[in-house]
Ligand SMILES: [Zn+2]
């Protein structure tokens, strides 16, 4: 069972990359003339939205025929002998190389879900680090460090060298704030 999203994706691929081949495959297929005509019109519609509208108006059976033809011609052609796999996470069919799920390190999932898992893993890897730092660092020590760095800064000097010094102090403060989640404002009020 193909999801609507997968059907539309197939249709888009067929129109952009394999329009000619799919049209030929429709022509030589064994389906009835009216069905072949409908399928050809969908593939060769001038605009994507027209193609989608024609597709939605078509018979369920005709849509299925067309999806079969698209998958046979496009996926069969570009992916060689690779089979159509079904992703256990999102349920979509896919033919690209599968990704390994980070959840158990052994389940093959579709590349889209693989990317989503990678992004989630990255986000989770930075958020707990900040929290760990807040938990394990002695808060008063951090406040003392921030206060001392702050005091090492100039008193709004105007010459270029002093301005550079102040900028470096500000950067140092920002680094400590970033790493610990503790603000310099708490140290100097
Ligand atoms: Zn998936």
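The values are calculated or read from the model by the stated rules, or taken from the named source; none is laboratory data. The structure presented is a predicted model; accordingly, all values stated were derived computationally and were not measured. For neighbour counting, all protein chains shown are included, and Cβ atoms are generated from backbone atoms with ideal geometry for every residue, glycine included.
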Subject >> Flag for residue 30 being on the phi > 0 side of the Ramachandran plot and surrounded by fewer than 18 Cβ atoms within 10 Å (Cβ to Cβ) >> reply: no
Original post:
Which of the residues spanning segment 142-171 are within 34 Å of the chain's Cα centre (by Cα) and at pLDDT 90 or above?
Top reply: none
